[in-house]
Every structure is written in C-alpha cells, then in structure tokens.
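Novice: Please find one structure pasted underneath; my questions will follow.
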Amino acid sequence: MRGEGAELVVGIDPSDLFLCQFQTIKHYNQDPAVHLLPLGVEQLPELKAFDTVFSMGVLYHRRSPIDFLAQLRAQLRKGGELVLETLVIEGDINTVLVPEDRYAKMRNVWYIPSTEALMLWMRRVGFKDIRVVDTDQTSLDEQRRTEWMENESLADFLDPNDPNKTIEGYPAPLRAVIVATA
C-alpha cells in the first residue's frame with residue numbers, strides 16, 4: 001500500500017504472531033509511515049479518518065459480521081472506500097451458510113453469505129456504491145503446499161471425490177472482492 005503511494009499505512013491485528021512478523025520486516029524496512037497496532041477493529045474508536053480500509057479474509061471469522069461491517073465503516077472518512085475480500089456462497093439475497101461445526105476444517109467460520117446478502121448487510125450499515133469487482137473459486141494452485149508451507153492446504157480441505165465441496169460437504173471456497181463507499 002505504501003509502495004502504491006499511501007502517505008500513511010496503519011494495519012491492525014490482535015495476533016502476537018502477526019505483530020512479531022511485522023516487527024521483523026520493520027527491522028529491515030524502517031519506513032516511519034507504516035505501522036501495525038496489536039488491536040482488533042472492535043477495539044478502535046470511530047476514527048472516521050481513513051481514505052481506504054482493506055479487510056482481507058476476516059468477515060467469515062466474525063461472530064457478528066454486520067457489527068464488523070459497521071466497525072469498518074466507522075474507520076472511513078466520508079466518501080472513503082472499503083475493499084472487502086471474503087468467502088461467499090452462491091445464492092440470493094437471503095442465502096447465508098452457517099456451518100454446523102467446521103468449514104474446510106476451520107472451526108472459526110461463522111457465516112458465509114451470498115454476495116447479494118453481503119451487499120444487503122453493507123447497505124444496512126450505510127455503505128453506498130457497493131460493487132462486486134471479482135468472484136473466483138479458490139484454486140489448488142493458489143492455496144497449496146510449498147517448501148515453506150508444508151501444513152495441510154486446500155486439497156486437504158476439499159472432498160477428495162468432489163473438489164466443488166469441502167470435506168464437510170459444503171460448497172468449496174468462493175472468494176469475492178467487494179468495494180463500497182462510506
């Protein structure tokens with residue numbers, strides 16, 4: 001983001017691991033305009049200060065996704081832009097998957113809406129000019145084992161007899177990028 005011209009970049013993540021990773025990189029690239037706060041968005045006041053907020057792969061991990069969207073909006077100045085990347089499922093405005101126990105072996109997936117349902121949630125919290133700019137099924141090439149990542153990967157999370165379903169029988173991961181204005 002800084003490389004693309006942002007004057008100030010502030011990341012937030014409550015994970016100690018991500019903070020340590022950030023501090024390691026910051027040691028080698030000491031840009032005074034790039035920061036990471038060890039917080040979740042729910043811990044931030046309503047700043048209404050940012051031109052752009054990115055939320056990448058977080059929404060489906062939130063127990064209250066509509067509150068989360070409102071918290072993201074509260075960080076944007078008037079006319080600011082949210083770039084939201086998240087899992088979605090196919091369906092209409094009322095379609096939301098609520099996994100019984102796990103989704104793709106993840107216990108912390110609470111809600112996966114259709115893009116239409118997600119856009120409704122965004123309108124309800126005050127976003128405008130909501131547009132889906134990309135939807136694509138996560139591929140085995142994109143999420144795979146490598147010499148640096150030897151743990152389980154997407155192939156282990158999908159039904160071995162039907163790659164269009166998770167191991168639990170739910171629709172395979174479909175990712176959407178949605179852009180909206182505060």
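The values are calculated or read from the model by the stated rules, or taken from the named source; none is laboratory data. Owing to the predicted nature of the structure, the values given are computational and were not obtained by experimental measurement. Cβ: placed from backbone, ideal geometry, glycine included. Neighbour counts: every protein chain shown. Quick note on the areas: whole protein, heavy atoms, side chains included, nothing else; ligands and nucleic acids left out. Shrake-Rupley method; radii C 1.70, N 1.55, O 1.52, S 1.80 Å.
Novice: If I ask for residues that are farther than 11 Å from Ala182 by Cβ, touching a residue at least 24 places away in the same chain (Cβ under 8 Å), open to solvent by 80 Å² or more (accessible area, probe 1.4 Å) and not in a strand (DSSP E or B), which ones from the range 47-95 would you list?
Specialist: Those that are farther than 11 Å from Ala182 by Cβ, touching a residue at least 24 places away in the same chain (Cβ under 8 Å), open to solvent by 80 Å² or more (accessible area, probe 1.4 Å) and not in a strand (DSSP E or B): Arg63, Asp67, Glu90, Asp92.
Novice: Related question: Using beta carbons and a limit of 9 Å, which pairs, at least six apart or on different chains, have the first residue in the range 1-15 and among the basic types (Lys, Arg) and the second one open to solvent by 60 Å² or more (accessible area, probe 1.4 Å)?
Specialist: Final answer for the pair search is Arg2/Leu8.
Novice: Pull up the range 131-158, narrow it to residues that are assigned to a strand (DSSP E or B) and touching a Ser or Thr at 6+ places or on another chain (Cβ under 8 Å), then point me to the one that is least open to solvent (accessible area, probe 1.4 Å).
Specialist: Result: Leu158.
Each row is one residue, and each column tells you yes or no for (1) at pLDDT 95 or above; (2) under 14 Å from the mean Cα position of the chain (by Cα); (3) small (Gly, Ala, Ser).
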residue: Tyr28; (1), (2), (3): yes, no, no
residue: Asp31; (1), (2), (3): yes, no, no
residue: Pro38; (1), (2), (3): yes, no, no
residue: Pro65; (1), (2), (3): yes, yes, no
residue: Phe68; (1), (2), (3): yes, yes, no
residue: Gln71; (1), (2), (3): yes, yes, no
residue: Gly91; (1), (2), (3): yes, no, yes
residue: Met106; (1), (2), (3): no, no, no
residue: Glu116; (1), (2), (3): yes, no, no
